[in-house]
1. Any residue in the range 9-30 that's farther than 16 Å from Lys388 by Cβ: show its pairings with residues that are of a type in the set (Lys, Arg) and open to solvent by less than 10 Å² (accessible area, probe 1.4 Å) at Cβ separation under 7 Å, as long as the two are six or more apart or on different chains.
2. Quick one: which of Glu408, Glu367 is modelled with pLDDT under 85, in contact with a Pro (Cβ under 6 Å, 6 or more places away or on another chain) and open to solvent by 40 Å² or more (accessible area, probe 1.4 Å)?
3. If I ask for residues that are among the charged types (D, E, K, R) and under 16 Å from Ala90 (Cα atoms), which ones from the range 54-71 would you list?
4. For Arg118, state whether it is away from the ligand (no atom under 11 Å from the Cβ) and on the phi < 0 side of the Ramachandran plot.
5. As an exercise: evaluate Ser110 against (1) assigned by the TED database to the domain that holds Glu144; (2) in a helix (DSSP H, G or I) and give the number of the one condition it does not meet.
6. Considering only residues of the range 1-10 that are open to solvent by 10 Å² or more (accessible area, probe 1.4 Å) and part of a strand (DSSP E or B), which is nearest to Glu367 (Cα to Cα)?
7. Can you find, within the range 132-146, the residue that is surrounded by the fewest Cβ atoms within 10 Å (Cβ to Cβ) among those that are away from the ligand (no atom under 16 Å from the Cβ) and assigned to a helix (DSSP H, G or I)?
8. Counting residues that are crowded, with 22+ Cβ neighbours inside 10 Å, which strands (runs of 3 or more DSSP E) fully inside the range 11-107 reach at least 2?
Amino acid sequence: MELDLNNLAAFRVLGRGAMGTVFLAADLSSPSLPPFALKVVDKHDPSAKPDADRRARWEIYVLSRLLNDPHPFLPSLIGSVESPDFLAWAIPFCPAGDLNSLRHSLSPDSVFSAAAIRFYLSEIISALSHLHSIGIVYRDLKPENVLLQSSGHIILTDFDLSRYLHPRFIFPLPLLPSHSPPPRHNRRRRRNLTRIFFSIPAASSTSSPERSALPDQLKKAKSARVSPVSRPRTSFSGERSYSFVGTQEYVSPEVVRGDGHNFAVDWWALGILTYEMAYGRTPFRGRSRKETFRNVLTKQPEFVGKHRSGLTDLISRLLSKDPTRRLGYVGGAEEVKAHPFFNGVKWELLADVGRPPFLATAEEMEEGEVRLNASDRTASFDVRDYFKKVRQEQAAAVKSPSSVSLTEF
Ligand SMILES: Nc1ncnc2c1ncn2[C@@H]1O[C@H](COP(=O)(O)OP(=O)(O)OP(=O)(O)O)[C@@H](O)[C@H]1O
């Protein structure tokens, strides 16, 4: 669907990412359409990443691909619009935050029960399985990218780091040597070009009897992300990608080594995410990026505290340093689903589960159901005005660094 910027009303900023700003918005010309999340890239933003435009277009492409090939745990494109100044696209609004904010709201120790882990992992595996089946390796699995719908089911979001790998390499994957570095000159260039940027803290919180409200400063900041500046054609062989992307604590050993990677990086990230859900921290985090990467390459995950049968075996097998020995490498999602931790899961009925472990609060539900009535319209704003104001504030800040941001939307 073609959106028209003149018809879009934004209600509030949902969050800001490396690529752009996300608004809760609605289309005034389609009052029956529920509010959606509108991602907007300001093409003239001086602080934007050099490849933001390309990544945004890729994300729109993936979302439109999912429109033809839908899946209950993946978003599809509601509509998009491009002007000389903006690139904007709409996806379903997830009012209940993400797995990261949900975990941090759990008391007393910010960890999920085995049953909740099984539920969320099953939905994530189902979504990854679908992406892989259409040739897309996700490459950005982390709790912040697992959004919660009002029904309590998940949606994986953020596809700008995803990549197409030819489906003929999906299953079974060729047993590629794990130590086959790309030519040395490529390697050095890639390392020199890598950069890290830190995103602002995730902007959602939840509250329910089991979930406590979190002061903003206690919420976990979004994990540091490693992003490529460029992906030279020579770095892609069709079966493996050699670009260096991901989120520090979730990056796999083969990416750190520069060995080339494929769908198995998603199974590694699933192992990290499972560990974080169960133990409240990621397994290889160091005091610096260098130490984190050293740990990724050499350290084994520590399973302290109560032994969670099945779960620790699942984590160990997903966190195999050698991708060819990793669960899911040879048999894809089916191999992961067959792990004993998932015994009893009815994969084809997941979307019908009526009582997921956590439901959206009444407040969150209400926001998801905002309809376009008169008061909503007066409370709304035009995203173009928002960015105009942001630019004015940036200019003022350059002139007078002590000035405080006044942009409150
Ligand atoms: N569908 C959605 N429903 C509700 N909130 C959303 C939705 N999509 C994004 N958000 C919010 O907006 C924030 C930024 O979104 P997102 O991470 O997709 O942007 P991004 O520019 O791709 O960021 P990055 O690439 O740094 O992760 C998210 O952390 C989340 O809080």
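1. As it stands, the answer is Met19/Arg55, since those pairs meet every condition given.
2. Numbers: Glu408 fails: in contact with a Pro (Cβ under 6 Å, 6 or more places away or on another chain).
Every option except Glu367 fails the conditions.
3. Quick first cut of the range 54-71, residues among the charged types (D, E, K, R) only: 54-55, 57, 59, 65, 69.
Within the range 54-71, Arg55, Arg57, Glu59, Arg65 qualify.
4. Numbers: away from the ligand (no atom under 11 Å from the Cβ): yes; on the phi < 0 side of the Ramachandran plot: yes.
Answer is yes for this residue.
5. (2)
6. Restricting attention to the range 1-10, the residues satisfying the condition of being open to solvent by 10 Å² or more (accessible area, probe 1.4 Å) are 1-2, 4-8.
Next, only the ones that are part of a strand (DSSP E or B) stay: 2, 8.
Working: Glu2: 25, Leu8: 17 Å.
Looking at residues that are open to solvent by 10 Å² or more (accessible area, probe 1.4 Å) and part of a strand (DSSP E or B), I get Leu8.
7. In this case the residue turns out to be Ser133.
8. Numbers: elements: 21-27, 36-42, 79-82, 86-92.
Counting at least 2 such residues, we get 21-27, 36-42, 86-92.
The values are calculated or read from the model by the stated rules, or taken from the named source; none is laboratory data. Since we're looking at a predicted model, the values are computed, not measured. Positions of Cβ are backbone-derived with ideal geometry, glycine not excepted, and every protein chain shown enters the neighbour counts. Ligands, DNA and RNA are excluded from the accessible area calculation, which covers all protein heavy atoms including side chains. Shrake-Rupley method; radii C 1.70, N 1.55, O 1.52, S 1.80 Å.
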